[in-house]
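Written out below as structure tokens is the structure these notes cover.
The values are calculated or read from the model by the stated rules, or taken from the named source; none is laboratory data. These figures come from a predicted structure and were not determined experimentally. Methodologically, a virtual Cβ is constructed for each residue, glycine included, from the backbone with ideal geometry; neighbour enumeration extends over all protein chains shown. What goes into the accessible areas is simple: the full protein's heavy atoms, side chains included, and nothing from ligands, DNA or RNA. Shrake-Rupley method; radii C 1.70, N 1.55, O 1.52, S 1.80 Å.
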Amino acid sequence: MSTKMKIVGNGFADLAEQLDRITNDIKPAVDEALKRTHEFITPNLDEAMNKHNRTHKTVSTLIRENGVTWEGFVATVDVGFRIREGGLPSIFLIYGTPKMKKDIKLYNAIKGAKTKKYIYELQTNVMNKHISLAKKG
């Protein structure tokens, strides 16, 4: 399933405001944070799909491009599977069905608490790095 990842969490508004005051441009930091988020999630999804790879149809719909999309002041990056191109089974694998349990490894690769925590830390580190570089330069 395709999911849009954003930078969300406690303290991000403060970090963005601080970076905006220093550089007047938060876009490079946000772009890097979202691209790194995609780069973290995608290999984990790819690996978790190994046991479901009889036909390779679903895994071939994995979104491998990490392009950030801006709509006004909101930036997102797509992660997961392209549903319309054959990725529909990923939804059943990730969430399960009444007759089939969810694949916990696949679920955790995109929705798990450890994944969310790591992404939060990764994005915070990217924002802090950009703030630090801006203060030096």
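Quick notes on this one:
- Note on Arg64: accessible area is roughly 120 Å² with a 1.4 Å probe, heavy atoms of protein only.
- FRET E, pair Lys135, Phe40, Förster distance 35 Å, beta-carbon r, rounded to 0.05: 0.85
- Note on Lys57: lysines with a C-alpha under 20 Å away, same-chain residues under 8 apart excluded, are Lys102, Lys105.
- Simple spin-label estimate for Asn128 and Glu32 gives 1.4 nm between the two label positions (7 Å along the Cα-to-Cβ direction from each Cα).
- All Cα-Cα distances of the stretch 22-132, cut into 10 Å bins from zero to the largest, leave 14, 40, 29, 13, 3, 0 percent in each bin in turn.
- Accessible solvent surface per residue of the chain, calculated while the other protein chains remain in place, 1.4 angstrom probe, Å²: 62
- The chain, accessible surface, carbon-and-sulfur percent (1.4 angstrom probe): 52
- Estimated distance in nm for a label pair at Ile104 and Arg54, the labels positioned 7 Å out from Cα along Cα-to-Cβ: 2.4
- Rounded to two decimals, the Cα radius of gyration of the stretch 25-80 over 2.2 N^0.38 Å is 1.34.
- Using R0 = 30 Å, the C-beta based FRET efficiency linking Glu85 and Lys117 works out to 0.45.
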